[in-house]
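What follows is one structure encoded as structure tokens, with my remarks underneath.
Here, each number is a calculation from the coordinates, and none is a lab measurement. Remember, predicted model here, so these are calculated numbers, not experimental data. Heads up, the Cβs are rebuilt from the backbone with ideal geometry, glycines too, and the neighbour counts pull from every protein chain shown.
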Amino acid sequence: MNKYALILSFILILSLSSAQFIIKPQLNVGNQAENLPPCIKRVTQFGERPDWSFNGKKLLFVEKTYGDFYEVELATGKIFLITGHFYYGGFIRTLYLASGDVLLSGNIRYDDANPYIHRTIKAELWILDKSYTKPPLRIGTKCYKCEAISRKNMKTAWTSRDRQYHDSFKPRKYLFNIEDIVYENGIPKLANKKIIVSNLGTPYKDIEVQNFVPSDEKTLTFSAYRFLASEGMLLNLENGTVINMSNAPDQYEEPERVFPDGKSCYVGSAKKPVTINIYKLRLDGKSTLDRMTYFSDYKGYKSLNPVISNDGKFMAFQIGKYKDLAGVGYGIFIMDLAKAKNRILN
């Protein structure tokens, strides 16, 4: 082999090595929680699925899936147990309502041999009085995984599916429901029910309500699982039109809380072999993503379940581990979005 062939071979080997390095970067040792940038602070050492109070002064979060719920006062760091005054089998999600009461999703019973059914099949919606001194009350419906609540009134939306209602649902059927939470003699119940979409006759096999889009709340984000990979969708509640906001056929994307201006939402996004990170997705149909977190740059970790404060200035989220079930978390964090702007978080 002459010297020119040797030089070309050397260049080719360097090119292939560089390409391989780009595709499979070396992951950091440890985890991002131990190496936080100035724009992120840790709020709790445990917990998952945070939700902002309407005034931005507190966060609700669940200790663990089917565990107790807590409220953290951000100014002082004090943590209060809010579900310790009654017995129950396990709640999985909690959201502040416009009334000050709390919407819970879960069940009063627990089957440790088959716990997952209490998240996807037997979970019901409940209202916990804002005094935190009374047991929660059922409001009369089962709920598949997630629910959406209005940030300006008592409207809520959720998903129902075939495995919850064997007698009345066709196989593989999912429905989106919207109702108002009303009170009669202090007892909450649902009223003004509307069924807004069914997946039957569509390409969407598994769908889940996510969030109303401010400020007019005439559109709703939802997840279309197992459609392409998983796509973030936008549903027009007035005419039923659906637009794919993700358009990422080889990438998992799940929409989370929408920004107060209605122009963007957070998504949990992952493209194999990389695990989930948090991105900001613009809701203009152009599929533009801005990366927010880099927790997956540390082997075995991910960041997920982001929620935006009502003033649009802060993001709360959780740290998770790659091999855990969806939603499992190990502590709550807050990102100051002004400090994070135009900054690479590594």
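At a threshold of 8 angstrom on Cα-Cα distance, excluding pairs fewer than six apart, so keeping six or more, what relative contact order does the range 58-171 reach in percent? Could the numbers behind the result be given before it?
Working: 225 pairs, mean separation 20.0, N = 114.
Rounded, it is 18 percent for the range 58-171.
Using the Cα centre as the reference, give the magnitude of the dipole from point charges on the C-beta atoms of the chain (Lys, Arg: +1; Asp, Glu: -1; all else neutral), rounded to the nearest 20 debye. The partial results should precede the final answer.
Working: 48 positive and 35 negative charges, 123 e Å.
My answer is approximately 600 debye.
Given a cut-off of under 8 Å on Cα pairs at least six residues apart, what relative contact order in percent is computed for the chain?
15
From the helices alone, meaning DSSP H stretches of at least four residues, give me the mean residue ellipticity at 222 nm for the chain, per-run term -39500 (n - 2.57), in deg cm²/dmol to the nearest 500.
The helix-only estimate for the chain comes to -2500 deg cm²/dmol at 222 nm.
Would you work out which of I149, Y88, G106 lies farthest towards the positive end of the dipole of the range 83-201? Charges go on Cβ: Lys and Arg +1, Asp and Glu -1.
The Cα lying farthest towards the positive end belongs to I149.
Hey, in the GNM for the chain with a 10 angstrom Cα cutoff, which one of D68, D101, D112 fluctuates hardest?
Greatest mean-square fluctuation among the candidates belongs to D112.
Could you list T241, T44 in order of exposure, starting from the residue whose Cβ has the fewest other Cβ atoms within 10 Å?
Placing the least packed residue first, the sequence is T241, T44.
Can you tell which of P188, G201, G320 lies farthest toward the positive end of the dipole of the chain, using +1 and -1 charges on the Cβ of basic and acidic side chains (Lys, Arg; Asp, Glu)?
Towards the positive end, the residue furthest out is G320.
With just the Cα atoms defining each centre, how far is the range 81-126 from the range 268-293? Give it in Å.
The range 81-126 and the range 268-293 have Cα centres spaced 29 Å from each other.
Past 28 Å, Cα to Cα, is the threshold; run K78/K271; K205/K341; K205/K286; K189/K321 against it and keep the listed order.
K78/K271; K205/K341; K189/K321
Compute the acute angle (0 to 90°) between the alpha-carbon long axis of helix 3-23 and the principal axis of greatest extent of the alpha-carbon atoms of the chain; round to the nearest 10°.
Approximately 10 degrees, to the nearest ten.
If you wrap the chain's Cα atoms in a convex hull and average its projection over all directions, what's the area in nm²?
Hull-based average projected area comes out at 21.9 nm².
Subtract the Cα-Cα distance of D336 and Q45 from 0.36 nm times their separation in residues, and report this length gain in nm to one decimal.
Using 0.36 nm per residue and subtracting the Cα-Cα distance, I get 102.9 nm.
Counting other C-beta atoms within 10 Å, and keeping those with at most 11, which DSSP coil GluC sites (Glu not before Pro) do you find in the range 185-282? Please report the intermediate quantities before stating the final value.
Details: sites: E208, E217, E231, E238, E253, E256; in loops: E217, E238.
Filter output for the range 185-282: E238.
Which aspartates and glutamates, if any, have their Cα less than 16 Å from the Cα of K58, not counting same-chain residues under 8 positions apart?
Filter leaves E48, E71, E73, D101, D311, D336.
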